[in-house]
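Beneath this line is the structure, given in structure tokens, with notes to follow.
The values are calculated or read from the model by the stated rules, or taken from the named source; none is laboratory data. Here the structure is a predicted model, which means the values were calculated and not measured. Glycine also receives a Cβ, built like all others from the backbone with ideal geometry; neighbour counts cover every protein chain displayed. Protein only, heavy atoms only, side chains kept; ligands, DNA and RNA dropped before computing areas. Shrake-Rupley method; radii C 1.70, N 1.55, O 1.52, S 1.80 Å.
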Amino acid sequence: MTLKQIAFGVSCVLVLAAAPAHAQTTQISTEYLMTLYAPLEAPQRIDDTLSIYPASPDREGWVKGPRISGKVLSPSADWIRAMPGGSSRLDVRATIKTDDGALIYLTYSGVVSHTKESAERRARGEVLTSKDYYFITAPTMQTSADKYAWLNRVQCVGKMVEVKAGDGAFVKYDIYIVR
């Protein structure tokens, strides 16, 4: 190896070492897709760590957005698992029937993290908003309807708008396509 090759190798190592390992290399943007509203029945408490919140078949759930509008069908439900440290993980399954008759399967996971105050307010049946605690979801969709096939190719993110426990329980999210 020549002195020139060694110098080049050392300079490459120095340049790479100086580059921040955590440099941002891409950007994420979002596009509003729809708002989802789901009325909920009383939870089925499996144990201290798992509760299932079925969507109420007696009160109509819905989705509304610029390119999609429809109803949330039964059976649909939220499986919520309490995690160590006080947060919860969501596992949600639902079917949307669009106003023009297409069926769209919606599934998402998510994270819910209450403060002591928001948990107490929720237990009292108060309506909470996204300002009250962390409640984020990651929806995906599946359909065979040509008009909505583009939903099969996108990842979404959702943020809770409002939620209420107890009598008249519901959850409402704004859902965005991640670009």
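Leaving ligands, DNA and RNA out of it, report the carbon-plus-sulfur percent of the accessible area of segment 59-179 at a 1.4 Å probe.
On the way: 3320 of 6440 Å².
Percent of accessible area from carbon and sulfur atoms in segment 59-179: 52.
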### Message
Suppose the chain between Arg45 and Tyr134 were pulled fully straight at 0.36 nm per residue; how much longer would it get relative to their current alpha carbon spacing?
### Response
29.8 nm
### Task
Estimate the FRET efficiency between Ser29 and Val111 by the formula 1/(1 + (r/R0)^6), using the beta-carbon distance for r and 25 Å for R0, to the nearest 0.05.
0.70
### Task
Can you run the Rg to Rh ratio on segment 45-141? Use alpha carbon positions and the Kirkwood inverse-distance Rh.
1.00
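On average, how much accessible surface per residue is there in the chain, in Å², for a 1.4 Å probe, leaving out ligands, DNA and RNA? Don't skip to the end; give the middle numbers.
On the way: 10900 Å² over 179 residues.
Accessible area per residue: 61 Å².
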## Note on the structure
Taking segment 115-177, the whole-percent share of alpha-carbon pairs separated by over 16 angstrom is 54
### Message
If you build the convex hull over the alpha carbons only and average its shadow over all orientations, what do you get for the chain? Give it in nm² to one decimal.
### Response
16.0
### Message
List the lysines whose Cα sits under 27 Å from the Cα of Lys159, skipping any in the same chain fewer than 8 residues away.
### Response
Lys64, Lys71, Lys97, Lys116, Lys131, Lys147, Lys172
## Note on the structure
Given 25 °C, 0.890 mPa s and a Kirkwood radius over Cα pairs, the Stokes-Einstein diffusion coefficient of segment 23-83 in µm²/s is 175
### Cα-centred dipole magnitude for the chain, charges only on beta-carbon of K, R (+1) and D, E (-1), debye, nearest 20
500
